[in-house]
Structures are given as structure tokens and as C-alpha cells.
Number of protein chains: 2
Amino acid sequence: MAEDYRQMWAELGLDMEKHDELLSVLTEAYPSLYLRQANRPKGMEYFDFVVSEIHGLRIKELLEHKEKGGKVFGTFCLYVPDEIITALNGIAIGLCAGTDFSIPDAETVLPRNLCPLIKSFYGFKVGKFCPYFEVSDVVIGETTCDGKTKAYEVLGESQPVFVLEIPHRKNDETFKLWRTELDRFIEEAECLTGVELTMGKLREATKVANNKRKALQELNSLRWSNPTPISGKDALLVNQIAFYDDPLRFTKSVNELVEQLKERVAAEQGVFPADAVKLMTSGTPYAIPNWKLHHVVESSGYSIVAEESCVGSRYFSELVDEDAETLAGLLDNIAKRYFNIHCACFTPNEERMDDIVDLYRKSGAKGVINYTLSFCTPYLVESHKVKGRLDAEEIPLLNIESDYGMGDVEQLTTRIQAFVESL
Amino acid sequence: MAEDYRQMWAELGLDMEKHDELLSVLTEAYPSLYLRQANRPKGMEYFDFVVSEIHGLRIKELLEHKEKGGKVFGTFCLYVPDEIITALNGIAIGLCAGTDFSIPDAETVLPRNLCPLIKSFYGFKVGKFCPYFEVSDVVIGETTCDGKTKAYEVLGESQPVFVLEIPHRKNDETFKLWRTELDRFIEEAECLTGVELTMGKLREATKVANNKRKALQELNSLRWSNPTPISGKDALLVNQIAFYDDPLRFTKSVNELVEQLKERVAAEQGVFPADAVKLMTSGTPYAIPNWKLHHVVESSGYSIVAEESCVGSRYFSELVDEDAETLAGLLDNIAKRYFNIHCACFTPNEERMDDIVDLYRKSGAKGVINYTLSFCTPYLVESHKVKGRLDAEEIPLLNIESDYGMGDVEQLTTRIQAFVESL
């Protein structure tokens, strides 16, 4: 890291020994996983820098923001509306949840038979080695799945938590409930930040969020070129950093990367040979630093060119309609945009099947890896529907269930290679 | 069974070979588990008869009901309002979900890492050896947990399913949604049955359901006497049969049993010695024929005198307020009663902790076994809250996680005996 942040971490109350250990695990893994990839676009340097400063510069910025009276909102889910937080001079930060380093701490309280993402986040909090938790003034939870819904109660014992009700069916009545949930959230957030939500501020914040989504849309659709101009691993990293970097700086950096990729595409330059097999993934999110699946696939010489995932297409494919006359109207548009995310928490969720098929056709992938985190009931059960639809469309599918451990890397490699050979 | 029902089962399309196998498993287990208990109340004969006719007489009655134009509603959850079904000349039936016999069939489609109750019910349907599924005109599902919510979609491929949205937080807005869900359900049920819901019919049906609840309240509170006049296993069986027997006949039989138990209490007669250790359970439901925990506990000489469970206190402790002037008013009362069930699907769910403590104090139990079906995320995570509250109240607690297999019977016995010795 560029500076010595030890005093800052100590003042945040981190368990310094464990935190050092965590950073050294990350620092050791990153060069072999990321830096040694051949022919990386120069624009990735910014994102490498962000990772190198993962618990440094960004935390310092958040503390400076707080010193000036701003608030930090920790989040775990796409349903938490960034626009509203930004408009109230808040900063939304996706919290740490992507490593088994924190799981033993979590299992002292939570059941073992629980999604690794949930155990990971709770372990980070209870083990006190995530500075993002410690700078957050509040965690905004949601009732998307049983595991998170109930784990937020436990988290609430050591951190202020505000939970949004996400309905599980989509119709006019559940939309009404969701719309009132936004009002309840605004009331709470106004009270916390001391800022009143106005049309001007929300319009501006909506533009910021939409511009970020547009940049990510462009980046991710460039991956579909042949040869693909950026590795799936690099694109995944950008999609992950979207959750916690400063939105304006992030969007600028993505747009710079996009320009370079366009040049590569025009010159037919890529990071994989033009005849390399292209795959896409569908399923559960990849919280940073969960790079396992992408690393396994790309180490075998296949490229991942799309993710139907919360860290992927579900995050950026829909914009908020900025065309509204009133604050209430703009909030209606925001509510609609978020309600239209196709998470497996909804029943039925046929739109997600359409999304997978659509992304498969657009991306030029030769097959779909449907990836589910262990014990993630909504996506695990929905795998049956994914299989039904993809079989009907004659799209090759490999279902994979995995966690954050490295014990299954060889097995995954064998299964993925066998899948590709069958294509 | 009293009659030969083979033709009826064949006409229902059951897999006759598997169904024979299932019945023989049940028929073999029942005498040693139930009939050989010492000093059983004579009133249990009726319930033994109901079990002996489990796929016989009741199915015949349901078919006769259908021949006369009535409809059968299959259900899996306390949130489905019996009153409304009864008022529309429907019969509500709790479907089969309590045995690992059906799980291998389910695991061809559903993930292994899923609650046994859910796998069991789906296996019964897909394996075609549950006549209750086959006589049901519709299954009424609900969004209480991820596993059921998503499994209903899969079930919907082979059976009409109607899903009620159960919110996960309790406030005015979510109550409004729940109230509109009842209206949506009524519309659907009126359409299916061809019967219009009127105040007269709903008032009558509410009385029927309340009378059943009152009978169960009385039965279950007699268990707290010393010595306890009925085994926990027998009381559990009555609580299980409540879900599928004819409500009027059932209530009459429970009331007859209650009279006998009152005589026993007056005479200080019991099924366990007066100094036998009394325990209670809290947690997930016991779908028939899941008698494992009760059998293990009572075979060790301890009695179970209460269940804080959907098959137990959550089913009968609250009545519907019958005092209403209008149909809408009575429906409001029904909505309130169901919304007030303290299921772990709600966040927060502190009222459940109050219920456990209250039942512990009333029942005279010396300790609480908090029982959770494997992979039941809401109750597994909530176990932490149960422990926190019971520790604070200095109430002894044993957390047990189990499924429908018999492989852990010895381990459970050892753990429960060690728990009792520690009291």
C-alpha cells in the first residue's frame, strides 16, 4: 500500500494481527491470479491500484467523508438503492463477504450449513478485521433470502442495521409495499444524515448511478467480441470494484478502459486466441475476492465473457428512467427499476431464464456454467428451472455448487474441461 | 385397514408397489412406537384408528366430498386460513411431508442440502405414493421460507399451486399486503369451488376452527399436570392428526380425550411417574410420521409436555376474534390472527422467545430441547436468539439439529440423557 495505514486501522478497533494475516493472504494471491495474466489492458492498472489499496485509501476517503459530516451505508444487496444514499450525501459500500478466511469466526454463532457469503460477512464483523464494517454508520439489510434475513438480526447485536422488506412475488400490491419501503428508508436515511431529499439532489444522484451502469454495460458487451479483448477475471474485478469505489472516479476509469478495449476490438487484439472456447456464468454473486471459478475456467484456456449475476448483468443492465417531473415520480421510477431485478428470491422468476438465454445468444458463449454458492436455497432450487429452460433451448449447461474453499479446485477443473470437451 | 382400498388407490394413479411398501413401513413401526406404550388413555383408540386408516377412510371421504362437488385444498403451513376454505365448502388437508421414504425420489430434482420436510413432500408427489396429493384440487403454498417458496414452483409442474405472499416483517404496511393476499385467495377459492363467501358461512367456519383450537388448548394444557396424564408422543399424534381429520369429528374426539384426562388428573394417574423429568421442545414442525425426537426422549423415561412448534402451540394458541359485524370485519380478524403467528420467517421475531419462556414456565418443564430440521435456515439461525434469551432467563437448553433418518437415534439418546443429567 502507498501509505502506512496502521494507525487508522488500530483507531477503527481492528484485530491488527488477524487483519495483517488477511491482507497478506490477499497480497500473496493477487500477483499470480491477476498480474501475471498475459496481455492485460493498460486500463486495468487503475483497478490493480484499487485492490492494492483495498483497506487503505478508500477507508481513508470514507473517514474524511465522515469527518465532514457525511455518513457511510454498508450494504449486501442490489436492492438497496444507491441513488437515494448518494443524494443524501451518503456513501454506499458493498461490505466484505467473499473469503473463507472469516468463516471460522462466523461458525461460532451461525450454523455451518449456511451460505459462505453470509458466514463470511458475519465473520468479518465479529472477528473485527473488516474496516468497511467499522466505518459504516449503518448496515442496510433486506429480506431477499432466509439466511441474510435472519443473520441481520444477529449482526444487529453489534452494529446498527436497517432492514428493507423485499417481497417475494411481483404484482401491484407487492410493488406498493416496496414503494412504501423506499419511503421508510428515506425517512431513516434523512434522519441519519440530517439531509433532506430533494428533486435536484436525487436527479443528480440518479445520473451518477446511471452513468456507472452505462459504463459497465459498455465494458461488459465489449467482452463478446472475438477475440475477447479482456479476460473474464479482469472484467469480474471491475464489476466487483463497482460496489465500493467512488462512483465518479470509477465510471471515468471504466470509460477509459472501454476506449482501450474498443481499439483492441478494432485491431482484433485479444487476451485469448480467437478460437478459444467462450463460456458464460449464471447464478449467485462473486463477492470480492471470490475469483475461484473464473480462475479455474481461464487457467484451462477458456474465457468467461458474461455473468448473469448480482456481480454482473443484474447490477447494470437496467437504468432508472430519469424522465420524471416530481420527486415522487422519480422515486416511482427508482422503485420500478429495483423491483425489476430478476433475483431468485422471487417466485416465479421466469424473467431470469429469459435473461440467461438472451445473454447466451448475445455473448457468443458456447455453454453456460450455472454457479451456485453452497446452501443458497433460492438459486439451488431454481437450478432445476434453469436446466429445464436451457435444455429446451438446446443450450449446453453445467451446474456447479461451490464455496470459498480451495479443496474443489481440481475437481472443478476436471468437470469444466469435460464439459467443454462435450460441447 | 378396515376395507380394501386398492381399487381406489389404483384409480388415483398411485405407484401401487411403492405405496404398499410405504404402508408396510408405517404399519410395522406403529405398534412398537405407539401401541405398546403403558397405560394409554382409552380416548387414544380413535386416533390409532385414524392412523390405521391413514390412506383409507379419509381419502374415501375426500373422494365422496369431491363427488358431491366439493373441493380439496392441500396445504403445508399454518398461514393458510382453514376458515375460508371450510366456508367455501372446501376441505383443507395438511399434505404428507414427514418421512425419508420419499426423499430419494425428491433428490432426483431438488438439492440434497434442503430441509427434509420439503424434500419429503416433493418426493411424495413425484413418486406418486401420496393419495392426499392426488385428491387435492390445488396446493396452497406460501412464501414463508426460501425452500418451500422455490419448491412450489417445481411442484407447480405437476399440480395446480396457488402461492400466498407472507411478508417477513410485521408492520401496518405488511399487514395491508397480507390482508389483500386473503382477498386474492378468496377470489381464487371462490372461482375453484363455485361458492360465494358469505358472513353466515364464514362465521360458522370460524366457530368450527376456534372450537378445534380450544379443544387442543385444553388437551395440551392438561399435559402440564403432575404426573402427566398422556405421553408427549400421544399428544403429538393428536396435534398431527388435527391437520387432516374432519374438524368436527376430530374436535369431538379430542374433547372426549380431554374428559378422560381430567379424570386422570383428579385421580393423580399418569403415564410417567410423578418424579419423571419433564421437557418441552421448541422449533420446527413434526410432520406425521416424524415421531423420532419424542420417541427418543420418552424411551429414556422423560416426558415431553409441550411443543412450541407449528405442530403444537403455534397451531392452536390464538383464536380468531368472532366478534365482527361484517364479512370484511371478520376477515380483518382472521387476517390478524394468522399474521400474529410467531414463525421464524419473520424478522425480528422476539415474540417467539416470549412464547418459549411462557410455555416453559406454564408447563413445568425442566429444560427446553430446541429442535431444528436440518437445513431449515430460519430456525437454525434463530437458535442463536433462542440461546441468548434462555441463557438470560437461566432456562436449560439443548440445541438439536436432525433429519428424518434413523442414523442419529443413539447419538440423540446420549445427548438428551447427558442434558437431563446436567439439569
| message | With the requirement that a residue be of a type in the set (Val, Ile, Thr) and under 18 Å from residue A:285 (Cα atoms), what does region A:386-408 give you? | response | A:386, A:400
| Looking at region A:176-212, which of the residues that are touching an Asp or Glu at 6+ places or on another chain (Cβ under 6 Å) and of a type in the set (Val, Ile, Thr) is surrounded by the most Cβ atoms within 10 Å (Cβ to Cβ)? | A:206
| query | Are any residues in region B:402-421 open to solvent by 80 Å² or more (accessible area, probe 1.4 Å) and either of a type in the set (D, E, K, R) or under 24 Å from residue B:354 (Cα atoms) (or both), and if so, which ones? | reply | B:410, B:415, B:421
| query | Quick check, is residue B:367 farther than 20 Å from residue B:311 by Cα, of a type in the set (Gly, Ala, Ser) and at pLDDT 95 or above? | reply | no
| said: So, residue B:32, is that one free of Cβ contacts under 8 Å to residues at least 12 places away in the same chain and under 25 Å from residue B:223 (Cβ atoms) or not? | reply: yes
| task | Among the candidates B:126, B:154, B:135, single out the residue that is free of Cβ contacts under 8 Å to residues at least 40 places away in the same chain, on the phi < 0 side of the Ramachandran plot, surrounded by fewer than 24 Cβ atoms within 10 Å (Cβ to Cβ) and touching a helix residue (DSSP H, G or I) at 6+ places or on another chain (Cβ under 6 Å). | result | B:126
| remark: Cβ pairs under 8 Å, 6+ apart or interchain, first in region B:169-186 and within 8 Å of chain A (Cβ to nearest Cβ), second part of a helix (DSSP H, G or I) and aliphatic (A, V, I, L, M), ordered by first then second residue, are B:173/A:177; B:174/A:177; B:176/A:177; B:177/A:177
| field | Scan of region A:74-89 for residues that are part of a loop (DSSP other than H, G, I, E, B) and open to solvent by 10 Å² or more (accessible area, probe 1.4 Å), ordered by number | value | A:76, A:77, A:78, A:89
| task | Could you tell me whether residue B:99 is among the hydroxyl-bearing types (Ser, Thr, Tyr), more than 14 Å from every other protein chain (Cβ to nearest Cβ) and touching a residue at least 12 places away in the same chain (Cβ under 8 Å)? | result | yes
| note | When region B:292-310 is checked residue by residue, the ones that are part of a loop (DSSP other than H, G, I, E, B) and open to solvent by less than 10 Å² (accessible area, probe 1.4 Å) are B:309
| task | Would you point out which residue out of B:225, B:231 is closer than 30 Å to residue B:44 by Cα and either among the aromatic types (Phe, Trp, Tyr) or open to solvent by 10 Å² or more (accessible area, probe 1.4 Å) (or both)? | result | B:225
| query | Within region B:90-111, is even one residue open to solvent by 20 Å² or more (accessible area, probe 1.4 Å), within 22 Å of residue B:187 (Cβ to Cβ) and not charged (D, E, K, R)? | reply | yes
| query | Quick check: is even one residue across region B:317-329 within 29 Å of residue B:406 (Cα to Cα) and either part of a loop (DSSP other than H, G, I, E, B) or open to solvent by 10 Å² or more (accessible area, probe 1.4 Å) (or both)? | reply | no
| task | Of the conditions (1) within 13 Å of another protein chain (Cβ to nearest Cβ); (2) open to solvent by 10 Å² or more (accessible area, probe 1.4 Å); (3) in a loop (DSSP other than H, G, I, E, B), residue A:119 clears all except one; give me its number. | result | (3)
| query | What number of residues within region A:123-152 satisfy the criterion of being within 10 Å of chain B (Cβ to nearest Cβ) and assigned to a helix (DSSP H, G or I)? | reply | 7
| request: For region B:254-289, name all the residues that are under 17 Å from residue B:58 (Cβ atoms), open to solvent by less than 10 Å² (accessible area, probe 1.4 Å) and among the small types (Gly, Ala, Ser). | output: none
| note | Those residues of region B:157-166 that are in contact (Cβ under 8 Å) with a residue 12 or more places away in the chain, in a loop (DSSP other than H, G, I, E, B) and not aliphatic (A, V, I, L, M) come to a total of 4
| Can you pull out the residues in region A:348-407 that are of a type in the set (S, T, N, Q), in a helix (DSSP H, G or I) and within 14 Å of another protein chain (Cβ to nearest Cβ)? | A:377, A:383
| message | For a quick check of your reading of the model, give me the residue pairs whose first member lies in region B:61-73 and is within 12 Å of residue B:136 (Cβ to Cβ) and in a strand (DSSP E or B), whose second is open to solvent by 50 Å² or more (accessible area, probe 1.4 Å) and of a type outside the set (A, V, I, L, M), with beta-carbon atoms closer than 7 Å and at least 6 apart or on different chains. | response | B:72/B:66
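The values are calculated or read from the model by the stated rules, or taken from the named source; none is laboratory data. Please read these numbers as outputs of a predicted model, since none were measured by experiment. Because the Cβ atoms are built from the backbone with ideal geometry, glycine has one as well, and the counts that use them run over all protein chains shown. Side chains included, ligands, DNA and RNA excluded: accessible areas come from the protein's heavy atoms. Shrake-Rupley method; radii C 1.70, N 1.55, O 1.52, S 1.80 Å.
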